[in-house]
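Below you'll find the structure I mean.
The values are calculated or read from the model by the stated rules, or taken from the named source; none is laboratory data. Keep in mind that what you see is a predicted model, and the values were worked out from it rather than measured. Reconstructed Cβ throughout: ideal geometry from the backbone, glycine too, with neighbour counts over all protein chains shown.
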Amino acid sequence: MISAAETLRTLGQRPPAGRGAERAARDLVRAGMPSSVIAKLAKAFNTSVDEIQRIIGVSRATGTRRRASSAPLRPAWSDRAFRMASAYAQAKRVFESAENAREWFKEPNRELHGERPIDLLDTDVGTREVLRSLDRIEYGIYA
């Protein structure tokens, strides 16, 4: 399992000094992450801002307004962004490279019923399926 600190680093965030990463992550998600995390996720996954916004449930117009005004994301969007970053950090560890992780997320996956892993990150259930698949790969368990 990827630490909250690693996930925060993926999002370009740091836990404040003197606070645990888990608590800082929880507080950041509840308060709403900076809208800049959308661009960080797009860069991490090597995909468009529009695709990241679709996955976390932000419309194109709302995303544009939030980024232009530097308004934070809503807590629900922040939670989805955190889950995406956690899955990305896990894949990067499993595949030992950012490029291999990016490719894996974009390819249809037989274990995931032919869906691309990135497309499953829009729900908690789908994210758990992706993380389970990564665990199986990491520990050499074949489907």
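Among the residues of the range 21-34, are any within 16 Å of residue 131 (Cβ to Cβ) and within 14 Å of the chain's Cα centre (by Cα)?
Among the residues of the range 21-34, not one is within 16 Å of residue 131 (Cβ to Cβ) and within 14 Å of the chain's Cα centre (by Cα), which makes the answer no.
Still on this structure, I have one more. Out of all the residues in the range 68-94, which are in contact with a helix residue (DSSP H, G or I) (Cβ under 7 Å, 6 or more places away or on another chain) and of a type in the set (D, E, K, R)?
Within the range 68-94, 79, 80, 83, 92 meet the criteria.
So which of 31, 81 ends up being crowded, with 22+ Cβ neighbours inside 10 Å and either at pLDDT 90 or above or not hydroxyl-bearing (Ser, Thr, Tyr) (or both)? Reasoning before the result, please.
Working: 31 fails: crowded, with 22+ Cβ neighbours inside 10 Å.
Only one candidate passes the filter, namely 81.
Another question, if that's okay. In the range 100-118, which residues are without any contact (Cβ under 8 Å) to a residue 24 or more places away in the chain, under 23 Å from residue 53 (Cα atoms) and not basic (Lys, Arg)?
100, 101, 103, 104, 107, 108, 112, 114, 115
Go through 58, 94, 37 for me and flag whichever is buried (at least 22 other Cβ atoms within 10 Å of the Cβ), assigned to a helix (DSSP H, G or I) and of a type in the set (Val, Ile, Thr). Before you say what the answer is, go through the steps one by one.
Working: 58 fails: assigned to a helix (DSSP H, G or I); 94 fails: buried (at least 22 other Cβ atoms within 10 Å of the Cβ).
37 is the lone residue from the list that is buried (at least 22 other Cβ atoms within 10 Å of the Cβ), assigned to a helix (DSSP H, G or I) and of a type in the set (Val, Ile, Thr).
Yes or no, residue by residue, for (1) assigned to a helix (DSSP H, G or I); (2) without any contact (Cβ under 8 Å) to a residue 24 or more places away in the chain; (3) out of contact with any Leu (no Cβ under 6 Å at 6 or more places or on another chain); (4) surrounded by 14 or more Cβ atoms within 10 Å (Cβ to Cβ):
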| position | (1), (2), (3), (4) |
| --- | --- |
| 24 | yes, yes, yes, yes |
| 71 | no, no, yes, no |
| 89 | yes, no, yes, yes |
| 126 | yes, yes, no, yes |
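Conditions tested, residue by residue: (1) under 20 Å from residue 2 (Cα atoms); (2) touching a Ser or Thr at 6+ places or on another chain (Cβ under 8 Å); (3) not polar (S, T, N, Q).
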residue	(1), (2), (3)
104	yes, no, yes
110	no, no, yes
114	no, no, yes
120	yes, yes, yes
129	yes, no, yes
135	yes, no, yes
139	yes, no, yes
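Quick check on residue 101: is it under 20 Å from residue 25 (Cβ atoms), of a type in the set (Gly, Ala, Ser), crowded, with 17+ Cβ neighbours inside 10 Å and at pLDDT 95 or above? I'd like the intermediate steps shown before the answer.
Details: under 20 Å from residue 25 (Cβ atoms): no; of a type in the set (Gly, Ala, Ser): yes; crowded, with 17+ Cβ neighbours inside 10 Å: yes; at pLDDT 95 or above: yes.
So residue 101 does not fit the description; no.
If we scan the range 41-61, do we find a residue that is in contact with a Gly (Cβ under 7 Å, 6 or more places away or on another chain), over 24 Å from residue 136 (Cβ atoms) and not aliphatic (A, V, I, L, M)?
yes
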